[in-house]
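Input: a single structure, listed below in structure tokens.
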Amino acid sequence: MAEITRKRTGDLLRQLFTILLKFPEGVQAKNAVEALQNSVKLTEYESGNYEKGGLRFNKIVRFATIDCVKAGWMLKEKGIWSLTDEGRKAHSELPDGEIFYKAAVKGYQAWKDGQEKDAELPDLPDQTPQETEIAEKTIQLEQAQEDSWEEIQQHLRKMNPFQFQDTVAELLKAMSYHVSWVSPPGKDGGVDIIAYNDPLGARPPRIKVQVKRYREGGNIRAEDLRSFLALLGDEDVGIFVTTSDFTKDAEELARSQERRKITLINIKRFFDLWVEHYPKLREEGRAFMRLKPVYFLAGE
């Protein structure tokens, strides 16, 4: 008898989806797996450890989610897991764990073969050694990405506010903007950085930047954004940068602006921009957050 059945795997996936449904914006992978572990009774096999260390249950769950991602049911970005509309639909329409898992595998096979899915759910084939190896590498890569992203977030959030302000200014310079002023310690009146497209500041727009460094949580609300918008003139462009994120109300307020132009940059977007423009950063800028690429052998 197999140590873990298809139905058991499907039941675990469905319970994982139930947890993810509570977090429309997504949740950290390790927190999702921990919540799943706390919500089910582990079998003796699942509660065992691998020779190299690590709970077997964690690997079982991560292994199964690969099918869900390829089926278009789940998204994984920087260690954050969330459900797609297709994933929510599958969870609603496929209450049986085994059928749920088979449908996920079918979606994976359709992705792999580049073909449309058949109407009938196929039997689950045994994985080839090569497919197993690819899945192992995928899990290793995911966990490495999650660990590195968590370390990067902690690094940015541990900066004092003026260090992060200077870090943002260095990024703007690498993006070919001309930074004319960075707020010194003390009250700044709501504007932390002023920049232009040209070195003399003779051509509009004037770019006003507000920077918010939060250690934990503290998403930027609509009222926070509204205060900043009040500081923007007709020919100004506003950029709001944060080490957290923006509430839906704040995002909607930014989108609804017709006269004032504003761009929102959360921690994920900031890091992506930092990576993109890293080659153009000055040495003083790189010192704020040095990066070194690590290469993995891609299985897919």
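The values are calculated or read from the model by the stated rules, or taken from the named source; none is laboratory data. For clarity, every value in this text was computed on a predicted model and none was experimentally measured. Neighbour counts run over all protein chains shown; Cβ positions are idealised from the backbone, glycine included. The protein model used for the area step is the full one, side chains on, heavy atoms only, and it has no ligands, DNA or RNA in it. Shrake-Rupley method; radii C 1.70, N 1.55, O 1.52, S 1.80 Å.
General observations
- Filtered by the rule that a residue be free of Cβ contacts under 8 Å to residues at least 12 places away in the same chain and polar (S, T, N, Q), the range 6-47 gives 31, 38, 47.
- If the condition is being in a helix (DSSP H, G or I), surrounded by fewer than 18 Cβ atoms within 10 Å (Cβ to Cβ) and not hydroxyl-bearing (Ser, Thr, Tyr), then the range 63-98 contributes 63, 85, 86, 88, 89, 93, 98.
- Test: residue in the range 30-52 that is of a type in the set (Asp, Glu), crowded, with 16+ Cβ neighbours inside 10 Å and not in a loop (DSSP other than H, G, I, E, B): no
- Residue count for the range 201-238, restricted to those that are more than 25 Å from residue 151 (Cα to Cα) and either open to solvent by less than 30 Å² (accessible area, probe 1.4 Å) or at pLDDT 90 or above (or both): 22
- Of all residues in the range 1-14, those that are open to solvent by 20 Å² or more (accessible area, probe 1.4 Å) and either closer than 14 Å to residue 74 by Cβ or aromatic (Phe, Trp, Tyr) (or both) total 1.
- Residues that are open to solvent by 70 Å² or more (accessible area, probe 1.4 Å) and in contact (Cβ under 8 Å) with a residue 12 or more places away in the chain, drawn from the range 148-167: 155, 158, 162, 163
- Elements of type helices (runs of 4 or more DSSP H) in the range 242-296, at least 1 residues being buried (at least 19 other Cβ atoms within 10 Å of the Cβ) and under 23 Å from the mean Cα position of the chain (by Cα): 248-255, 267-276
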